[in-house]
1. Rounded to the nearest 0.05, what FRET efficiency do Lys129 and Asn158 give with R0 = 25 Å and r taken as the Cβ-Cβ distance? Could you check?
2. I want the local charge near Leu38. Using Cβ-Cβ distances under 9 Å, sum +1 for each Lys or Arg and -1 for each Asp or Glu among the other residues.
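FYI, it's all coordinate maths here, none of it is from the lab. Everything numeric in this text was worked out from a predicted model, so none of it was measured. Cβ placement follows ideal geometry from the backbone for every residue including glycine, while neighbour counts extend to all protein chains displayed.
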Amino acid sequence: PTMKLLDALSGRVTRGARFREYVDQSFAEVDHNANGSLDRAELHLAVMLFFDKLNAKVRKRAIPPTKAELMALFDEVDTDESGKLSLEEFVVYMERLCAQCTSGLTVSLLKSFIAVPFTAIALSVGIKKVAPGMHQKIKEAKGLGSATLSFCASQIVNKVPAFAAVP
């Protein structure tokens, strides 16, 4: 079920007119010799420009992949093995890249809006059972107490392997 949700989210993003507009703009901006294709250096620049445009529009920062990850995907998408990507190959490249980013953003949102808050609630319940006096002090501290619980919860969640690498 999770993969279907991630596929639906990435498909929704990459089928939009705005996505294609950003991809076309990024391609055109870095195809300096106007030969209708991007070599590896131009591709790296195009992806960075795309992520700049994307991050200007969304609150959650999308982290671009490493250069090694970009080049591995380049090899997969360069179907004619020309060492360059045509505009259509670049569109496929960006669709695959965005599918990877969408899943990373989804995990990050799950972490922020589900895992950390529920862990904070569990901590509060546990403290209330084990140390009622401390629980009372946390309640009296109002915002500082809940902020401390949230911080502790985020530290715990960051130790879970599924969330450890997610910003």
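1. Given R0 = 25 Å and the Cβ-Cβ separation, E is 0.55.
2. -2
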